[in-house]
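Inspection log for the structure reproduced underneath, given as structure tokens.
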Amino acid sequence: MSEVFAVLDKGVQLNIEIKERGLENQVLTVIPPSLKQNIIISSFEGSVIEKVKALDADVRTALIVGQSLFTGNNKTFSYWHDYFPENRLKKAKADIVCPHFRIGNKLFVQRMHRKGYEVYVWTVNHPEKIKKIAKTGADGIFTDNIKTAVEQRK
């Protein structure tokens, strides 16, 4: 863990995704206060984000949307629930919205920016998709391929 925090001290940002309820306090306790500005805590669960904010209002949080592209019985309703997350973002007190790259188009990004949210698109690994997302005006991407992402953003 200390090696990760050493990299963050050089200005790198880290997304910590909480996948289960009940881990919020444990996650917050391991983050050095001096590195809070380099951390984004994200989750698909609005209640997780809401609890993180209740525990520490200064931590940047992100609601991840787009799960409907992979699950759900009523895909049409679920999709619109993800494409229009404004009520969920407000309730959770999230700072950032993280749409799947299929949802994170230019209109989505512009609408979220007008509402005051930063937009980080997930998970963008392919060079052409990285270029396409960069053109939307998104604030950033989540990627597994950092080298390619840096090369494409030049």
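The values are calculated or read from the model by the stated rules, or taken from the named source; none is laboratory data. This is a predicted model, so every value here is computed, not measured. Because the Cβ atoms are built from the backbone with ideal geometry, glycine has one as well, and the counts that use them run over all protein chains shown. Side chains are part of the model used for accessible areas, which takes the heavy atoms of the whole protein and leaves out ligands, DNA and RNA. Shrake-Rupley method; radii C 1.70, N 1.55, O 1.52, S 1.80 Å.
For a straight C-alpha distance cut-off of 17 angstrom, the aspartates and glutamates reachable from Lys147 (same-chain residues fewer than eight places away being disregarded) are Glu128.
Radius of gyration (Cα atoms) of the chain, expressed as a multiple of 2.2 N^0.38 Å: 1.03.
Let me spell out the model: positive unit charges on the Cβ of Lys and Arg, negative unit charges on the Cβ of Asp and Glu, origin at the Cα centre of the chain. What dipole size does that give, in debye rounded to 20?
Dipole of the chain, to the nearest 20 debye: 700 debye.
Largest accessible area first, the residues Glu20, Glu118, Glu151 order themselves as Glu20, Glu151, Glu118 under a 1.4 Å probe with ligands, DNA and RNA left out. Once every DSSP H run of n ≥ 4 in the chain is given -39500 (n - 2.57) and the sum is divided by its residues, what mean residue ellipticity at 222 nm do you get, rounded to the nearest 500 deg cm²/dmol? My calculation for the chain gives -11500 deg cm²/dmol from helical runs alone.
Between Lys106 and Ala54, the C-beta separation translates, for a Förster distance of 35 Å, into a calculated FRET efficiency of about 0.55.
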